[in-house]
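Where a number appears in this text, it was derived from the coordinates with a stated rule and is not lab data. Note that the structure is a prediction, hence the values are computed from the model and not measured. Positions of Cβ are generated from backbone atoms using ideal geometry, with glycine treated the same way; all protein chains shown enter the neighbour counts.
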Amino acid sequence: MNEYEAIVQSLSDIDQRIRQDNVGIFTEILILFDHVLVARTQPYSGYDGYQVGGRELRYALVDPGSGARNTRRPYYVGNQEANVSLADSEVVSLEQAWRWMTAWKADHAAYRQHLVQQQRAWREAMEAGASDMRAREYERLRMEQEPLPPPPQIWGPAQEKAWQAEVDRGEAAANEVLRDWDHRPRWVTVLLVGNVGPCDGCKARLKVFLYDLSVELFPKALVVVKSVYTGQEHKRGVRGGADRLETGYGYPDRAQQMEYRSPTGTVWRPWVRIATPWPVQ
């Protein structure tokens with residue numbers, strides 16, 4: 001499934017959840033490697049973050065109990081904003097996406113080690129085979145003539161050259177497989193799809209998420225994180241309990257409205273905005 005098809009499916013799923021629950025704000029994350037969908041989260045709603053870990057989640061970004069500032073949180077976002085938005089569906093969506101990708105990375109590294117072991121075993125088998133051929137040739141000549149030439153002359157330069165060429169070809173092919181594996185994926189795209197644009201706190205979380213992917217998991221890949229949301233491009237709002245907090249939903253600039261159409265004829269025109277690296281706002 002490509003990016004367009006994945007977004008259509010996600011928008012359809014979110015619409016279905018809204019009809020099912022009659023109300024709600026939902027988000028889900030789509031993960032694409034080299035433009036092909038490889039994983040997706042379920043559509044999460046608000047307060048799901050509290051239910052699966054709350055303040056302990058990687059992208060909660062709230063200050064610890066000691067009172068020290070959470071240094072992973074961008075400087076322009078306060079602890080109050082992080083706390084008020086802690087229950088947002090984006091928090092648990094990012095958490096689930098991070099867990100999936102770290103698990104994939106571990107499997108990827110384990111399989112690379114398997115490839116290295118295969119290459120080593122192949123080289124050892126080639127060495128053993130060459131040694132066996134040298135020994136058998138020496139034994140054959142020992143039965144036929146006296147005195148015997150030394151073993152290097154029995155094996156001979158021609159045989160050694162042919163054997164080394166075969167080893168070089170095999171190792172070159174194995175190294176090419178490893179190089180290709182090391183560069184997978186070459187392009188990582190993560191889409192946060194929702195029916196409302198992310199608040200200021202969650203926009204900051206997307207920046208931290210982009211940084212984590214680029215530095216910790218996929219330093220050799222081109223990483224793109226996008227927010228895809230229906231509704232208004234940008235709107236101001238007030239949230240919170242006793243401590244009322246102003247925030248903005250969606251992006252006030254550089255969001256592009258796109259059209260997506262399902263096979264059944266349903267049309268969506270969400271806003272699409274590429275997340276910029278922290279600390280760029």
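Summary of computed values
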quantity	calculated
Karplus-derived HN-Hα couplings along the stretch 70-82 (A = 6.51, B = -1.76, C = 1.60, θ = phi - 60°), whole Hz, x at Gly and Pro	6, 6, 7, 7, x, 4, 7, 10, x, 5, 4, 4, 5
For 90, 259, 81, 5, order by how many other beta-carbon atoms lie within 10 Å, fewest first	259, 5, 81, 90
HN-Hα J in Hz across the stretch 20-30 - Karplus 6.51, -1.76, 1.60, θ = phi - 60°, x for Gly and Pro	5, 9, 6, 6, x, 10, 10, 9, 9, 10, 10
5 angstrom amide H check on residue 233, placed H, neighbours 5+ away	none
Where labels lie 7 Å past Cα in the beta-carbon direction, separation of residue 87 and residue 187 in nm	4.0
Candidate lysines for bridging to residue 203, where Cα separation is under 24 Å - those fewer than 8 sequence places away on the same chain excluded	226, 235
Theoretical FRET efficiency, 1/(1+(r/R0)^6), r = Cβ-Cβ of residue 117 and residue 20, R0 45 Å, to 0.05	0.35
Candidate aspartates and glutamates - alpha carbon under 17 Å from residue 105, same-chain residues fewer than 8 apart omitted	34, 95, 180, 182, 212, 216
FRET efficiency, residue 72 to residue 167 (Cβ-Cβ, R0 45 Å, nearest 0.05)	0.40
Whole-number D in µm² s⁻¹ for the stretch 169-281, Kirkwood Cα-pair radius fed into Stokes-Einstein, 37 °C, 0.692 mPa s	199
Pair residue 176, residue 104: separation of 7 Å Cα→Cβ label points (nm)	2.6
Rg(Cα)/(2.2 N^0.38 Å) for the stretch 1-40, N = residue count	1.27
